[in-house]
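S.K.: Let me begin by handing over the structure; questions about it come next.
The values are calculated or read from the model by the stated rules, or taken from the named source; none is laboratory data. What you are looking at is a predicted structure, and each value in this text was computed from that prediction instead of being measured. Note that we place each Cβ from the backbone using ideal geometry, even for glycine, and neighbour counts take in every protein chain shown.
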C-alpha cells in the first residue's frame, strides 16, 4: 500500500484530497513541526502528518486548542524550523490574539498557517471568512484555487515566509480541503535541525515594530506582483473581466464555457490576495473596466479591488456581491459558491441566456413529498441516551431547566434528535461560560435550573477558565460533561483525556474528574446508557446549590464498534404487541434511534441489525420488555 | 376522549396527583422521581387508559363502590361498607419486627403468601422511611423489609405493572386510599390486566401524605446523625437516629402535606377488601376493618393459623374514628366545592354520599 | 458503451455513514489511473451523522473541472439509498441520466417518529423512470451480506458502475486501485464484493 504522501517520484500524477495536497506540499517543503486542533474541514491534515511522522521524522501534535497550537508552532519557527499550523475558521478566532501579534514579531523558520473555512457551514456554526483575519493581522494571504495549487502554494509559502521573515496564511475552503483532484507530485527538500538561540535572538511582538510590518508587507506585495499563482485566461481585450480567487476560479471557468462567452470574458485568477498585487490588477482593470468579482462568502477581494480602483482614480463598473449578482439563496455574502450561482450571475451581467439541462419537473400537488433527513445521533450514540435522560429529568423537575449547549456531536441535541433541549449555542466553551453567568441570576428572580453541556475534547479546549469562573463566583449550575473518549465529530482524534497523542504515543491521561474536583466542584460520574440512573442523578443534582459536575462516560458508538463485535439487540416478536401495546410505538417514535424501526409488514418494532451498534438502551424503554440484548456486559 | 395530554393538564398541572403510581408504571411517556411526576413526551393517544384509571380524574364513587363492594351489607357513610371491625395484631415477633403498631398488614400479607392466596405483593419499601419506593415482593423473607409506616407519598402501584409483566397471576396490593381507588378504577377500565378475583387489596388509613420537603426537614433536624426511621404516634413526630430519638410536634410534619391530600375523601380505604390503620388508643394494636368476602377469607386464615389475634373494637373508639373521618370529609367537601366553583369536578358533589356529610348530624 | 459527454458527471449518494467517500475515492483513483482529469466534491463532518450525503465525481479528458456539478447535469447517479437517489435526481437529473440504486431503505428520523412518511419504493422508481434514460435497482446490501459484509455495499456498487461500461475507465484500473487501497483479508473481501457488483450489472 503506497500512500500518495510518501511517493518519491516527482512528476507522478495522483488523485489527492485538498487536505492531502496541503500536507504533501508541507512535506515536500521539509516541514518539521505541525500543530493543530481538530476542526472540519481541516482535520485530516494533522492526522496525515501524525501518520507519516515516523517516515519523515517530523513532529505532529494535536494541541489543546488553536491558540496553543499556533504558539507551539511559532516556537518551532523561532528555532529556525519550518512549521505548519492548521485550524478551521472558528479556530482562527480562538488563535487570533496570538496571530494578531505575529505581524509584529515576524518569524524565523518558515511558518505557514492554514485557515480552512467552511462556506455554507457544512460542519460549522457559521461561515466566517478568515481572509479578514489575515488582513487584520497584516499577514500575507494565499488562496489555492485547485488541488495542485493547494500543494504548490503550501510548498512555496514556507519559502516566502523565510524570504520575508513573516508567517504566511493559506486560506482554503471545504470544497478544496475535502474535494479531490489530479495533483502532480514534487520532490522532497532536505530538512534542517533547530538553531541555537542566543541572547539577542528574540521574537517579540511590540508596537514599535509596526512600521517594520508594513515594510515587510510592501516587500511581499512586490513578490506577489509576479507570482505564477496569478493567472489570466481569455481574450486580449475582454468585454468583461472576472476577478476571482479560490474555488471561484473553477466555477468561473465552467460558467464562461457553459454560457459560450469564452471570446468575450477574461478570467483573472488571483492566488495571492492580500496584500493585493495592485500593479497587476490595475493593468487588467485598464484593459477592461467592467468587472465581475467571484469569491466565496465575503466581498473581501471585491472590496479590496474597489479600494484599489478608487486609489488609482479609475472608473470601474463592479458587479459581484455588492451589486447582488453573486448570491446564494440567502443573499449575497451567504452560502457557498457553485457553478449555478456563477452562471446565474454571469448571465445577468452579460445579458446572455442561461442554459440548463434540468428537465425534471416536480408537481407539489401530485408528486411524492420527500421526508427530510434530519441530522441525528448515530445508532448507539451515548448522547442520545444523555439527552433522553436530561429531557426526562427536566420535565419531571417541572421548573423548565435550561441547557447551554456547546460544540461537538452533542450540538445535534439542540434539534429533534435531542428533543430540542439546548437553549443556547455559540462556540467552544460557550456552554459552561454562559451557564456560569446564568447561575448567578437567582438574585434577579431567575429560578429555572441551569445546566451546561460539553464534550471531553471541548472540556480541555475551552471549558477550564469558565469552570474556574463558575466555581470562583459560586454559580448555581450543573455541568454535564459528555465523555465519549474521543473528539468524535471531527473524526475521533485523541485529546488530553484519551491518554494518547496524535503520533500514537501514550500521553499522560488527564482525569476530567480529577481536574473538576481540584476546582472544588461537586463531581459525579455516571453511565449515560443507564438512562434511569442518569435521569435520577440529573434530577437530584439540579436541586442542589453550587457547581455540580456530572461526567457521563461512555465510549462513542462508532469508536466502540471498531473495537470488536457488537452486542446483538433484537425485538422478541411474540412479546412486542405492535400497535395493540398502546404505547404508540414509543421505542421508535420517542427515542428516535435510526436502528429502532417499525416493520410495517409485521406491524411490530424491529431493530435494523445493519444500523444497530448494540448499545441496548432501547431495551429499557419497551413497556413490554420485548427488546432483548445479548453479549453486552 | 381524554388521554395523556388531559392527564397532565387536569391532574398533574393542578396539583391533584396523589403519586399512586398507576400511570407511571404502565406508560413509558409518564415518569416520576421523588414527589414529582410528568408526562414527559406527548403520546398522541386520544383515549388513554391513564386518564380513565386515574383516581384523580372524575370518579363516580357510587358506581365504583357498587361494582366492587356492591354485595357488602354493612354501610357506614363515614368509614365505608364493611362487615366487621376489630382490634388486631400479629402474634409472631419474627414477622412483625419493624412493623408499626400491631404489624397486622405484614402478618396478613405473609399469611396470604404462605397460604398460596397470592404469588406476590405490591408493597412500599423504605430503608430510613424517607425515600419510599415501590416494591414487588415475591419472597416471603422480603416482606419484612417493607414493614413500617411511610409518611411520604410513594408511587407504589408501579409494582402492580411489574407484577403483571412478570406473569404473576394472583397478587396482593397494600396501598393508601388513593391507590386503592386507582386499583379499582384500573380493574374497571382494563379488567384483563388486573382481575379483581385474583387481586387482594389491603388499604391503609390515611389523613395526609407528605412531600419530599419532609425528608429534607428530617435530615436537617438530624444534622450529622444518621436517620434510622420516623414514627408519628399520636401528636408526636419521632425522628429515630443512631444517636437517640428527636421529638417534635406532628405539626412540623404536617406542614409538608401535599396539596393533593386536601381533596381526598377517603380516610379508611373504603374500597379495599381489608382496611388497616393504627389503633391510637392502644399501643401495639391495629384497627382492622373487614369489608369483602375475599378480605374475610384472608383474615379467617390468619386467625386460624394463629398468626393474627383480634379483640373487640371498643364502641367509643369506633365513634372517635368516625368523627375523625367526618372532620376530614367535611374539609374535603368544602375544598371540592371551591374547586367545582372554579370549573373542575372530580366527584359528583350532588350525590347523597357527599351531601350528607355537610349536614349537621350523621348517622 | 461509455457516455461520450465531457465532463462526465457522476453523483454517488446515500446516507451519512454508508461509505460515500470510499466509493468516490475508488472511482476517482481509477479515473486518474486511466489518464482522466478527475475532480470530486463531497461533504464530511456533520452531514455524516445520518444526513444526506453526495459525492460529485467529474471526469474529463480536457481539463480539471470544479468539484460541484451544476443542477440538472448529472449523467450517472449511483445511490446506496433509494430516497436519497430520488432527492438527488430531482435536483441533478435529466432525461439522459442513468440511475443505479440500491434497494434498501434507511429511515430518516422524521419517519421513525411519525412526522413524515417514507415513500413507497414503486412510486419513487416510477418518478425517476418517467424522466431518466434508465433506472436499475440492485439488491446491493443483500448481495454484500452474502459475502459477509453489509458494510461493503458501497464497494459492490462501485463494481456495478465499473461493470456497466458507462464510464470510460477500464475495469483493470478499478482492480489496481483496490490493490493499492487494501491489503490482506480486507483486500480479498473488497475484491469479492467488487466482482459481485460487476456481475450483477451487465454492460448497458
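S.K.: Within segment C:84-115, track down each residue that is more than 19 Å from residue C:18 (Cα to Cα) and more than 7 Å from chain A (Cβ to nearest Cβ).
M.R.: C:91, C:92, C:96, C:97, C:98, C:115, listed by residue number.
S.K.: Does residue A:395 satisfy being facing chain C (nearest Cβ under 9 Å), within 34 Å of the chain's Cα centre (by Cα) and either under 30 Å from residue B:8 (Cβ atoms) or not in a helix (DSSP H, G or I) (or both)? First the steps, then the outcome.
M.R.: On the way: facing chain C (nearest Cβ under 9 Å): no; within 34 Å of the chain's Cα centre (by Cα): yes; either under 30 Å from residue B:8 (Cβ atoms) or not in a helix (DSSP H, G or I) (or both): yes.
So residue A:395 does not fit the description; no.
S.K.: Please report, ordered by residue number, the strands (runs of 3 or more DSSP E) entirely within segment B:256-343 with at least 1 residues that are within 21 Å of residue B:179 (Cα to Cα). Quick ask: steps written out before the conclusion?
M.R.: Numbers: elements: B:274-278, B:286-290, B:308-312.
Where strands (runs of 3 or more DSSP E) fall fully within segment B:256-343 and carry at least 1 residues being within 21 Å of residue B:179 (Cα to Cα), they are B:274-278, B:286-290.
S.K.: A further question follows. Could you please find all residues in segment C:165-184 being within 14 Å of chain A (Cβ to nearest Cβ) and free of Cβ contacts under 8 Å to residues at least 60 places away in the same chain?
M.R.: Matches in segment C:165-184: C:179, C:182, C:183, C:184.
S.K.: May I pose another question? When you scan segment A:611-628, do you find a residue that is within 14 Å of chain C (Cβ to nearest Cβ), touching a helix residue (DSSP H, G or I) at 6+ places or on another chain (Cβ under 8 Å), more than 27 Å from residue B:160 (Cβ to Cβ) and modelled with pLDDT under 90, even just one? Steps first, answer last, please.
M.R.: Step one: list which residues in segment A:611-628 are within 14 Å of chain C (Cβ to nearest Cβ), which gives A:611-613, A:618, A:621.
Restricting the remaining residues to those that are touching a helix residue (DSSP H, G or I) at 6+ places or on another chain (Cβ under 8 Å) gives A:613, A:618, A:621.
In the following step, the residues that additionally are more than 27 Å from residue B:160 (Cβ to Cβ) were identified as A:613.
From what's left, modelled with pLDDT under 90: none.
No: segment A:611-628 contains no residue that is within 14 Å of chain C (Cβ to nearest Cβ), touching a helix residue (DSSP H, G or I) at 6+ places or on another chain (Cβ under 8 Å), more than 27 Å from residue B:160 (Cβ to Cβ) and modelled with pLDDT under 90.
S.K.: Residues A:134, A:150: which one is part of a helix (DSSP H, G or I) and away from every other protein chain (no Cβ under 14 Å)? Steps first, answer last, please.
M.R.: Values: A:150 fails: away from every other protein chain (no Cβ under 14 Å).
So the residue among A:134, A:150 that is part of a helix (DSSP H, G or I) and away from every other protein chain (no Cβ under 14 Å) is A:134.
S.K.: Which residues, counting only those in segment B:236-255, are in contact with a strand residue (DSSP E or B) (Cβ under 7 Å, 6 or more places away or on another chain) and either assigned to a loop (DSSP other than H, G, I, E, B) or over 20 Å from residue B:128 (Cβ atoms) (or both)? Explain how you work it out, then say what you get.
M.R.: In the first step, residues of segment B:236-255 are kept if they are in contact with a strand residue (DSSP E or B) (Cβ under 7 Å, 6 or more places away or on another chain); the result is B:236-242, B:245-250, B:252-253.
Answer for segment B:236-255, where residues must be in contact with a strand residue (DSSP E or B) (Cβ under 7 Å, 6 or more places away or on another chain) and either assigned to a loop (DSSP other than H, G, I, E, B) or over 20 Å from residue B:128 (Cβ atoms) (or both): B:242, B:249.
S.K.: While we're looking at this one, here's another question. From the list A:346, A:285, which one is more than 34 Å from the chain's Cα centre (by Cα) and at pLDDT 95 or above? Reasoning before the result, please.
M.R.: Numbers: A:346 fails: more than 34 Å from the chain's Cα centre (by Cα).
Being more than 34 Å from the chain's Cα centre (by Cα) and at pLDDT 95 or above holds for just one of A:346, A:285, which is A:285.
S.K.: Among the residues of segment C:140-169, write down those that are in contact with a helix residue (DSSP H, G or I) (Cβ under 8 Å, 6 or more places away or on another chain), modelled with pLDDT of 90 or more and not in a helix (DSSP H, G or I).
M.R.: Within segment C:140-169, C:167, C:169 meet the criteria.
S.K.: List the number of the failed condition for residue A:569; all other conditions in (1) in contact with a strand residue (DSSP E or B) (Cβ under 9 Å, 6 or more places away or on another chain); (2) farther than 14 Å from residue A:380 by Cα; (3) not assigned by TED's automatic domain parsing to the domain that holds residue A:438 hold.
M.R.: Result: residue A:569 fails condition (2) only.
S.K.: Answer with yes or no whether residue B:267 is in contact with a helix residue (DSSP H, G or I) (Cβ under 7 Å, 6 or more places away or on another chain) and modelled with pLDDT of 95 or more. Lay out the reasoning, then the answer.
M.R.: Values: in contact with a helix residue (DSSP H, G or I) (Cβ under 7 Å, 6 or more places away or on another chain): yes; modelled with pLDDT of 95 or more: yes.
For residue B:267, the condition - in contact with a helix residue (DSSP H, G or I) (Cβ under 7 Å, 6 or more places away or on another chain) and modelled with pLDDT of 95 or more - is met.
S.K.: So which residues in segment B:244-281 are surrounded by fewer than 24 Cβ atoms within 10 Å (Cβ to Cβ) and over 18 Å from residue B:150 (Cα atoms)?
M.R.: B:244, B:262, B:263, B:265, B:281
S.K.: In addition: Kindly check whether there is at least one residue in segment C:73-83 that is within 7 Å of chain A (Cβ to nearest Cβ) and assigned to a helix (DSSP H, G or I). Spell out the reasoning first.
M.R.: Here is the first cut: in segment C:73-83, the residues within 7 Å of chain A (Cβ to nearest Cβ) are C:73, C:83.
Those still in the list that are assigned to a helix (DSSP H, G or I) too: C:83.
Yes, segment C:73-83 contains a residue that is within 7 Å of chain A (Cβ to nearest Cβ) and assigned to a helix (DSSP H, G or I).
S.K.: Any idea how many residues of segment A:414-438 are in contact (Cβ under 8 Å) with a residue 40 or more places away in the chain and more than 14 Å from chain C (Cβ to nearest Cβ)?
M.R.: 6
S.K.: Let me ask something else about it. Only one of A:478, A:482 is surrounded by 22 or more Cβ atoms within 10 Å (Cβ to Cβ) and closer than 30 Å to residue A:49 by Cβ. Can you tell me which?
M.R.: Details: A:478 fails: closer than 30 Å to residue A:49 by Cβ.
It is A:482.
S.K.: For the subset of segment A:322-346 comprising residues that are in contact with a helix residue (DSSP H, G or I) (Cβ under 8 Å, 6 or more places away or on another chain) and farther than 18 Å from residue A:301 by Cα, which member is farthest from the other protein chains (Cβ to nearest Cβ)?
M.R.: So, considering only residues that are in contact with a helix residue (DSSP H, G or I) (Cβ under 8 Å, 6 or more places away or on another chain) and farther than 18 Å from residue A:301 by Cα, the one farthest from the other protein chains (Cβ to nearest Cβ) is A:343.
S.K.: Here's another thing I want to ask about it. Please give the helices (runs of 4 or more DSSP H) falling wholly within segment B:1-104 in which 3 or more residues are within 14 Å of another protein chain (Cβ to nearest Cβ) and surrounded by 21 or more Cβ atoms within 10 Å (Cβ to Cβ).
M.R.: Working: elements: B:22-26, B:49-53, B:61-69, B:93-96.
Fully inside segment B:1-104 and qualifying: B:22-26, B:49-53.
S.K.: Let me ask something additional. Counting just the residues of segment C:133-152 that are at the interface with chain A (Cβ under 9 Å from one of its Cβ atoms) and under 16 Å from the mean Cα position of the chain (by Cα), which one comes out nearest to residue C:22 (Cα to Cα)?
M.R.: First, pick out the residues of segment C:133-152 that are at the interface with chain A (Cβ under 9 Å from one of its Cβ atoms): C:141, C:145, C:150-151.
Retained after the next criterion (residues that are under 16 Å from the mean Cα position of the chain (by Cα)): C:141, C:150-151.
On the way: C:141: 16, C:150: 15, C:151: 11 Å.
Checked segment C:133-152; the qualifying residue nearest to residue C:22 (Cα to Cα) is C:151.
S.K.: If I ask for residues that are in a helix (DSSP H, G or I), within 7 Å of chain A (Cβ to nearest Cβ) and modelled with pLDDT of 95 or more, which ones from segment C:30-72 would you list? Before the answer, list the steps.
M.R.: Here is the first cut: in segment C:30-72, the residues in a helix (DSSP H, G or I) are C:30-33, C:45-48.
If we keep only those that are within 7 Å of chain A (Cβ to nearest Cβ) too, we end up with C:32, C:45-47.
The answer is C:32, and nothing else.
S.K.: Right, here's the next one. Looking only at segment A:609-627, how many residues end up being touching a strand residue (DSSP E or B) at 6+ places or on another chain (Cβ under 7 Å) and under 16 Å from residue A:599 (Cβ atoms)?
M.R.: Just the residues of segment A:609-627 that are touching a strand residue (DSSP E or B) at 6+ places or on another chain (Cβ under 7 Å), to begin with: A:612, A:614, A:616, A:618-619, A:626-627.
From what is left, the residues that are under 16 Å from residue A:599 (Cβ atoms) are A:612, A:618, A:626-627.
Residues flagged as touching a strand residue (DSSP E or B) at 6+ places or on another chain (Cβ under 7 Å) and under 16 Å from residue A:599 (Cβ atoms) within segment A:609-627 amount to 4.
S.K.: Looking for something under 26 Å from residue C:25 (Cα atoms), out of contact with any helix residue (DSSP H, G or I) (no Cβ under 9 Å at 6 or more places or on another chain) and either crowded, with 22+ Cβ neighbours inside 10 Å or not assigned by TED's automatic domain parsing to the domain that holds residue A:156 (or both) - is there at least one such residue anywhere in segment A:48-67?
M.R.: Looking through segment A:48-67, at least one residue is under 26 Å from residue C:25 (Cα atoms), out of contact with any helix residue (DSSP H, G or I) (no Cβ under 9 Å at 6 or more places or on another chain) and either crowded, with 22+ Cβ neighbours inside 10 Å or not assigned by TED's automatic domain parsing to the domain that holds residue A:156 (or both).
S.K.: Let me ask you something else. May I ask you to list the residues in segment B:344-363 that are assigned to a helix (DSSP H, G or I), without any contact (Cβ under 8 Å) to a residue 12 or more places away in the chain and over 19 Å from residue B:81 (Cα atoms)? Explain how you work it out, then say what you get.
M.R.: Looking only at segment B:344-363, we keep the residues that are assigned to a helix (DSSP H, G or I), and these are B:352-358.
Of the ones still in play, those that are also without any contact (Cβ under 8 Å) to a residue 12 or more places away in the chain are B:352, B:355.
Passing the criteria: none in range.
S.K.: Quick one: how many residues across segment A:408-425 are at pLDDT 95 or above and closer than 12 Å to residue A:454 by Cα?
M.R.: 2
S.K.: Given segment A:159-234, what strands (runs of 3 or more DSSP E) lie entirely inside it while holding 3 or more residues that are touching a residue at least 40 places away in the same chain (Cβ under 8 Å)?
M.R.: On the way: elements: A:168-173, A:180-184, A:231-233.
In segment A:159-234, the matching strands (runs of 3 or more DSSP E) lie at A:168-173, A:180-184.
S.K.: So, one more: Is one or more of the residues making up segment B:128-140 at pLDDT below 95, out of contact with any strand residue (DSSP E or B) (no Cβ under 7 Å at 6 or more places or on another chain) and assigned to a helix (DSSP H, G or I)?
M.R.: Checked against the condition, which is being at pLDDT below 95, out of contact with any strand residue (DSSP E or B) (no Cβ under 7 Å at 6 or more places or on another chain) and assigned to a helix (DSSP H, G or I), segment B:128-140 yields at least one hit.
S.K.: Quick check on residue A:74: is it more than 20 Å from the chain's Cα centre (by Cα) and either within 27 Å of residue A:195 (Cβ to Cβ) or surrounded by fewer than 24 Cβ atoms within 10 Å (Cβ to Cβ) (or both)? Step through it out loud before you land on a result.
M.R.: On the way: more than 20 Å from the chain's Cα centre (by Cα): yes; either within 27 Å of residue A:195 (Cβ to Cβ) or surrounded by fewer than 24 Cβ atoms within 10 Å (Cβ to Cβ) (or both): yes.
Yes, satisfied.
S.K.: Can you tell me which of (1) touching a strand residue (DSSP E or B) at 6+ places or on another chain (Cβ under 9 Å); (2) at pLDDT 95 or above is the one residue A:80 doesn't meet?
M.R.: The single condition residue A:80 does not satisfy is (1).
S.K.: Would you please name the residue that is modelled with the lowest pLDDT, looking only at residues in segment B:309-344 that are farther than 30 Å from residue B:296 by Cα and touching a helix residue (DSSP H, G or I) at 6+ places or on another chain (Cβ under 8 Å)?
M.R.: B:344
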